[in-house]
Amino acid sequence: MSLLAFGVNHKTAPVEIREKVAFAPDQLSSALHELVARDGLREAAILSTCNRTELYCGTEESGPDSPEHYRKVLLQWFCSYHGLDIEQVKPYTYLYPDQSAVRQIMRVASGLDSLVLGEPQILGQMKQAYVTAHRAGTIGNHLNRLFQHTFSVAKRVRTDTAIGASPVSVAFAAVSLARQFFSDLEKHTALLLGAGETTELVARHLRENGIGRIIIANRTLERAHLLASEVNGYAIGLSEVEGHLAEADLVVSSTASREPVIGKEQTRQAIKKRKRRPILMIDIAVPRDISPEVAELDDIYLYTVDDLEEIIQEGLRSRQEAAKQADEIIDTHVSRFMGWLRSLDAVDTIRSYREDAATTRDAALEKARRQLAAGHDPEQVVQELAWGLTNKLIHTPTAQMSQAAYAGREELLEAARELFNISKPEQT
């Protein structure tokens, strides 16, 4: 039985390739059934995100054991399914077999192989890939155990390291700065200018961190309402900002305006209404939304995207250090999982050995019952049962050890001592 991880990601393939090999959610079930019908494959799961498409597979016990064989099988199916030329896709693909496959899936789930190091969303996507494959009936014992082990490892990486603690995006850095500035976000109001992707991320991060109130201001009011409804906020038009500025303890601006949206004079009036309670302003727009002159006012703390870049770089350094710790955790658990996988090789041998022992036991018991039924001395019957059973159970191992000694096979004798926990006799 082999485990395989095959696919493309943001490191190996440009977006033009990644978008062509992505699987839509409604394609996954049929794709999984097609995949496990391929030569030598028995189990399968598919993880498909904007930054990667990976196939996780388990092979047949009696199937081919060459990674190159499966590279060809998976590549051919991959390209055939998406209607692509093999030579167009092949240079961007990778295949990880066995131990490398286990390490890959654990690193992916832990956010160590992501575009943004340590991002948490990938674990949820991995869990969804598992659920989809489980419902499709393409998850067997090996992949099931691997996924469960992987989820446990990813959780430990998240709790035992600082992999996700430091800001590495503009949105995360802005909210981290706000958390440092305000001791309790629950008591404060945030005014967000713009309703694009960055503002959406800021809004979600603020919501997750317990901000008291969110006001979304956007040139298109409909878009502002849509985002506000998602974060339990309040929507206004961009032209209404001046009337609400005094309400804001935190302002985060990210519009596409070519001219400043917030000027010095309107900010001065807002501070006056607030009775000089300070405002933290974070301008992450390029060109800037907040006039640089605003920083000259007392009780205004203005940060730009360049200021956040320093926070982001420090966060990246922190996460890179945490990633080293995470890799150590993963290496330990890869070894444990591979040990479990190897232990499966002994299952049939152990089963046969137990069955042989049970047959010998049953025969000895039947003989003892017949002797007792015939009126033999119970003490003598029990003694013969013990001696007979012992001799029959140890006959084959002792005969094999004698033959090994005769043939000079010391390594077999050493294995027998380890197997039966026998101390090596002292030399006299």
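Applying 1/(1 + (r/R0)^6) with R0 = 22 Å to the Cβ-Cβ distance of Arg223 and Gln121 gives a FRET efficiency near 0.45. Here r is the Cβ-Cβ distance between Cys50 and Lys424 and R0 is 56 Å; the resulting FRET efficiency, rounded to 0.05, is 0.40. Look at where the Cα atoms of the range 395-426 and of the range 213-249 average out, and the two centres are 81 Å apart. Ordered by the count of other Cβ atoms within 10 Å of each Cβ, fewest first, Leu32, Leu238 give Leu238, Leu32. Of Met338, Met126, Met401, the residue with the greatest mean-square motion in the GNM of the chain, using alpha carbon springs below 10 Å, is Met401. Each of Ile215, Ile394 was scored by other Cβ atoms within 10 Å of its Cβ. Listed from fewest to most, they are Ile394, Ile215. Between Arg145 and Ser100, the distance separating the two model label sites (each 7 Å from Cα on the Cα→Cβ line) works out to 2.3 nm. On full extension, the segment bounded by Glu34 and Glu208 gains 58.6 nm, given 0.36 nm per residue less the C-alpha separation. Using R₀ = 60 Å, calculate the FRET efficiency as 1/(1 + (r/R₀)^6) where r is the Cβ-Cβ separation of Asp362 and Gln320; round to 0.05. Step by step, r from the Cβ atoms, then E = 0.45. When the alpha-carbon atoms of the chain are used, the pair Rg, Dmax equals 33.0, 114 angstrom.
Is the shape of the range 170-312 best called rounded, prolate or oblate, per the rule: a/c under 1.5 gives rounded, else a/b larger than b/c gives prolate, else oblate, with a ≥ b ≥ c the square roots of the Cα gyration tensor eigenvalues? Rounded is the answer for the range 170-312, as its axis ratio a/c remains below 1.5. With the helix formula -39500 (n - 2.57) applied to DSSP H stretches of n ≥ 4, the chain reaches a computed 222 nm mean residue ellipticity of -18000 deg cm²/dmol. With each label modelled as a point 7 angstrom along the Cα→C-beta vector, the Ser239-Tyr92 pair spans 4.6 nm.
Taking a straight line from the alpha carbon of Lys367, these aspartates and glutamates sit under 14 Å away, with near neighbours fewer than eight places off in the same chain left out: Asp377, Glu384. Between the range 333-358 and the range 113-181, the C-alpha centres lie 31 angstrom from each other. Rounded, prolate or oblate: which one fits the range 237-350, using the alpha carbon gyration tensor with axes a ≥ b ≥ c (rounded when a/c is under 1.5, else prolate when a/b beats b/c, else oblate)? Because a/c hits 1.5 or more and a/b exceeds b/c, the range 237-350 counts as prolate. Ordered by the number of other Cβ atoms lying within 10 Å of each residue's own Cβ, fewest first, Leu344, Leu117, Leu250, Leu74 fall into the sequence Leu344, Leu117, Leu74, Leu250.
Taking a ≥ b ≥ c as the square roots of the Cα gyration tensor eigenvalues, with a/c under 1.5 meaning rounded and otherwise prolate when a/b beats b/c, else oblate, which class fits the range 123-203? Prolate, because a/c is 1.5 or more and a/b exceeds b/c. The HN-Hα couplings worked out from phi for the range 4-17 by the Karplus form 6.51 cos²θ - 1.76 cosθ + 1.60 (θ = phi - 60°) are 9, 10, 10, x, 9, 8, 5, 7, 9, 9, x, 4, 4, 7 Hz, whole numbers, x standing for Gly and Pro. With Cα atoms defining each centre, the range 284-329 and the range 1-48 are spaced 37 Å apart in the structure.
Backbone N atoms of the range 290-326 closer than 19 Å to the 7 Å Cα→Cβ label point of Ser152 belong to residues 326. In summary, the aspartates and glutamates within cross-link reach of Lys127, defined as a Cα separation below 19 angstrom excluding same-chain residues under 8 places away, comprise Asp26, Glu43, Glu54, Asp113, Glu119.
No lab work stands behind these numbers, since they all come straight from the coordinates. If you're wondering where the values come from, they're calculated on a predicted model, not measured in any experiment. Please note: Cβ atoms are built from the backbone with ideal geometry, for glycine as well, and neighbour counts cover all protein chains shown.
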